[in-house]
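This report refers to the structure that appears directly beneath it.
The values are calculated or read from the model by the stated rules, or taken from the named source; none is laboratory data. If you're wondering where the values come from, they're calculated on a predicted model, not measured in any experiment. So basically every Cβ, Gly included, is an ideal-geometry build from the backbone, and we count neighbours across all protein chains shown.
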Amino acid sequence: MKLNEININEIEKIQEKIKDIFAKEESEKYFAWYKGNYKKLNYFYDLLEDEKEKSLYVKTIYTKLVGHTNISEEEKQKYLLSREEFDKVLENDSIRKLKSVTRKLKFYNLQKFGYALKLYGARALLDKIVVHNQYSHSKCHIEKDDYVMDGGACWGDTALIFAQKTGEKGKVFTFEFFEDNLNILKENFSLNKNISKKVVLIEKPLYNKSNMVLYLNHACADITTLTEKNNNLQQYETIAIDDFVSENKIEKIDFIKLDVEGNEIAALKGAERILKKYKPKLAIAAYHKYDDYYEIPKFINELSLGYKFYFASYTPAGTDTVIYAK
C-alpha cells in the first residue's frame, strides 16, 4: 500500500467494528487529526529512499487509523514471545520499585547480547533497546570513538549501552531530570562503573533555550512530560544542547538520540548550531505527537545540510518509531 492509497471511507467502516475501547478511542482521535492533516505525511514519505521503509511508514500510519486490527496474530505472538524470552536473562529476583508508578524494575544481565552490563530496567523497554536495537539503524548508528548526546536517559540503560558501543575514546552526555528516574539511573551507573565512567550526567531537561523554567505536566517514570504553563507543580531549569556544548568546550558531537516525551522538536532547535557545525547522526523518537512525522523531518531537512532519512518501527502497533538522519 502507498500513502495515497489509504481510503478514508474504508477506515470509517473498519472503525465501526473495533471492539477494544482503548483501541477505538485512540484510532478515532488519530483519524480526526488525519482527515485534516494527511497531506503533511507525504513530506516524510517523499524523503525516504528505501521502498521497504516507505511501506513500513504507510503501514504504521494505517495501523494507527484502524486501531491495530491489521496486526496479524503471528506478528503479535512474535512480539510477545520476544519479551517473554528476554526475561530469561534475569540476574536474580531482586527488584526496584518506583514512586511514580506501580511498575517494578527487574535486575538483568545483558551479557548474552554482547553488553558487559547488569542493571535494573523494564522488560518491554530493554527488549526494544537491546534485542531489536532501537535507536540504531544499519545506516545510522553509534560507532567507536563517537561523542554521543543521549536525550532522555530515564534509568540509564541507553547511556550505558551507548557508552559501551562508543569504546574507550568515546563519550556519552546523558540528560535526565526526574528524581524517580535518577535514583535508578545512579544505581545502574554504580553497578557498571567501568562503563559509566565514560558517561556525563546532566540533571536538566533539554529544550530550545537554556535557563527556561518548565513545569511538571505528567509524572510516570518513563513517560514524564513538561509544560511551559505554570501549574504550580515541580519546576525544572532547561539546557540547550548548543549552550551545553559551547560552555563545556566539547570538541565534537557525532550522534544525537532524542526520546524526550514530545519535546523532540524543541531539543532539536536547541541544537541547531551543533547540527550545522558537525552534522551528527540523528535518532529521533517520532511517536509522541501526531505532527512528529512532519515537523521533525521538516526541521532537519530545511537546514539544508544534506541529511538522508531512514525509518524504523519497534512494535507491531507502531508505538515506538524512530526517524533517523545521516
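Just one of the numbered conditions (1) buried (at least 19 other Cβ atoms within 10 Å of the Cβ); (2) touching a strand residue (DSSP E or B) at 6+ places or on another chain (Cβ under 6 Å); (3) closer than 21 Å to ILE250 by Cα is not true of VAL200: (1). Report yes if TYR115 is within 20 Å of THR321 (Cβ to Cβ) and surrounded by 16 or more Cβ atoms within 10 Å (Cβ to Cβ), otherwise no. No.
The single condition from (1) free of Cβ contacts under 8 Å to residues at least 24 places away in the same chain; (2) under 17 Å from ASN263 (Cα atoms) that LEU182 fails is (2).
At least 1 residues being modelled with pLDDT of 95 or more and within 13 Å of the chain's Cα centre (by Cα) is the threshold, and among the strands (runs of 3 or more DSSP E) wholly inside the stretch 228-326 those reaching it are 255-258, 281-285, 309-313, 321-325. Residue check: TYR79 meets all listed conditions (1) surrounded by fewer than 14 Cβ atoms within 10 Å (Cβ to Cβ); (2) farther than 19 Å from THR158 by Cβ but one, namely (1).
Tell me yes or no: at least one residue of the stretch 84-97 is touching a residue at least 12 places away in the same chain (Cβ under 8 Å) and among the aromatic types (Phe, Trp, Tyr). Taking every residue of the stretch 84-97 in turn, at least one turns out to be touching a residue at least 12 places away in the same chain (Cβ under 8 Å) and among the aromatic types (Phe, Trp, Tyr).
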